[in-house]
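Visitor: Dropping a structure here in structure tokens format, bear with me for questions.
The values are calculated or read from the model by the stated rules, or taken from the named source; none is laboratory data. On a predicted model such as this, the values are computed, not experimentally measured, just so you know. Backbone-built Cβ (ideal geometry, glycine too); neighbour counts: all protein chains shown. Side chains are part of the model used for accessible areas, which takes the heavy atoms of the whole protein and leaves out ligands, DNA and RNA. Shrake-Rupley method; radii C 1.70, N 1.55, O 1.52, S 1.80 Å.
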Amino acid sequence: MGEPVATTPPIKICASLACADWLHLERDLRALEEAGVDYVHMDVMDGTFVPNFALSPDAMRHVRRATSLPMDVHLMVERPERYLETFVEAGAEILIVHQEATVHLQRTLARIRDLGARPGVALNPATSLHTLEYVLEDLDLLLIMTVNPGFTGQKLVPSTLRKIADARRMFAARGLATDIQVDGNVSFENAARMAAAGASYLVGGTSSLFAPGLTIAGGARRLREVAEGARR
Ligand code: DX5
Ligand code: ZN
């Protein structure tokens, strides 16, 4: 992996909180802290942009009271520009909007930065990287959806692996070491391929960190090992 490695930032593990055990959330948060996980990934779904509902600013406030782990917040929400202040105030360190959900993307990203959070953009599997050509300097993180968003437990869309490699090349050509996050079916096997292609932020859900039969500590250790191993 010679060329991408030089410009690829270090691996970070983001725990998909929607996949945690909500009847024992505090226990899971402690386990995530002890496992050295880097972020708590909050999936927010509005029932319109995606055909499902998930977390909210209130859920974020509860999580923030219970842990000092930083939150990266993935808004699967139509016209997210309406709620940026709310999510930054609720504790988002990284705030990610979908390219497909906001018309004035550049303005939305600049506003997130003004509010003091790190701006991120998510792309559905069908959306081209080219849509970001003129906003590359405005984002700190690109979230490449590796499944169609909305549900846990789905299978990887294979073409998204090529998209990760293309994105890493696109950033490198501009001299940017922007973080690339992957979300959806980040299994141990897929994580290795994603990291080798240039992904740096791995969202662990039911496919790894919260896989049945594994502990959070064991899942986090293995996820980091396979991803860092794939870089060498
Ligand atoms: C995408 C999902 C993912 C979640 C799924 O809409 O909500 O954010 O991390 O993890 P897996 O695919 O491992 O169940
Ligand atoms: Zn997500």
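Visitor: Can you work out the FRET efficiency for the pair Glu133 and Arg82, with r the C-beta to C-beta distance and R0 = 41 Å, to the nearest 0.05?
Guide: The value I calculate is 0.95.
Visitor: Report the charge-dipole magnitude of the stretch 31-184 in Debye, nearest 20, computed about the Cα centre from +1 at each Lys and Arg Cβ and -1 at each Asp and Glu Cβ.
Guide: Dipole about the Cα centre, nearest 20: 320 debye.
Visitor: Where in the stretch 15-56 does the amide nitrogen come within less than 14 Å of the point 7 Å from the Cα of Asn148, taken along Cα to Cβ?
Guide: 49-52
Visitor: In cubic angstrom, how much convex hull volume per residue do the alpha carbon atoms of the stretch 97-232 span?
Guide: Residue-normalised Cα hull volume stands at 113 Å³.
Visitor: Then there's this: I'd like to know which of Leu143, Ala199, Gly229 lies farthest towards the positive end of the charge dipole of the stretch 131-229, counting +1 on Cβ of Lys and Arg and -1 on Cβ of Asp and Glu.
Guide: Gly229
Visitor: In the neighborhood of Leu17, defined by Cβ-to-Cβ distances under 10 Å, what is the net charge if each Lys or Arg adds +1 and each Asp or Glu adds -1?
Guide: -2
Visitor: Before I look further, what does the chain give for accessible area per residue, probe 1.4 Å, in whole square angstrom?
Guide: Normalised by residue count, the accessible surface of the chain is 44 Å².
Visitor: Within the stretch 83-170, which GluC sites (Glu not before Pro) sit in a loop by DSSP and count at most 10 neighbouring Cβ atoms inside 10 Å?
Guide: Those that pass, being in a loop and sparsely packed, are Glu133.
Visitor: Which residue, Tyr39, Tyr201, Tyr83, tops the fluctuation ranking in a GNM of the chain built on C-alpha contacts under 10 Å?
Guide: Highest fluctuation among the options: Tyr83.
Visitor: Looking at Gln106, Thr160, Ala117, which one has the Cα that reaches farthest to the positive end of the dipole of the stretch 79-174 (charges on Cβ: Lys, Arg +1; Asp, Glu -1)?
Guide: Selected residue: Thr160.
Visitor: Here's something else I'd like to know. Summarise the accessible area of the chain (1.4 Å probe, protein heavy atoms) by the percent that is carbon and sulfur.
Guide: 52 percent
Visitor: Excluding Arg27 itself, what net charge comes from residues whose Cβ is under 14 Å from its Cβ, given Lys and Arg +1 and Asp and Glu -1?
Guide: Working: positive: Arg30; negative: Asp21, Glu26, Asp28, Glu33, Glu34.
Overall, the nearby charge balance is -4.
Visitor: Now a separate question. Given a 10 angstrom Cα cut-off, can you work out which residue in Ala117, Ala66, Ala20 is the most mobile in a GNM of the chain?
Guide: Ala66
Visitor: State the three equivalent ellipsoid semi-axes of the stretch 1-146, derived from the C-alpha gyration tensor as the square roots of 5 times its eigenvalues, in descending order and whole Å. Write down the numbers at each step before the final one.
Guide: Details: eigenvalues 120, 77, 42 Å².
With the √(5λ) rule applied to the stretch 1-146, the semi-axes are 24, 20, 14 Å.
Visitor: Rounded to the nearest 5, what % of DSSP beta bridges with both residues in the chain are antiparallel?
Guide: Percent antiparallel among DSSP bridges in the chain is about 5.
Visitor: Something else now. Running a GNM on the chain with Cα contacts under 10 Å, which residue among Gly120, Gly153, Gly198 ends up with the highest mean-square fluctuation?
Guide: Gly153
Visitor: Net charge near Ser128, counting Lys/Arg +1 and Asp/Glu -1 over other residues with Cβ under 10 Å of its Cβ? Before the final figure, lay out the partial values.
Guide: Details: positive: Lys163; negative: Glu133, Asp166.
The answer is -1.
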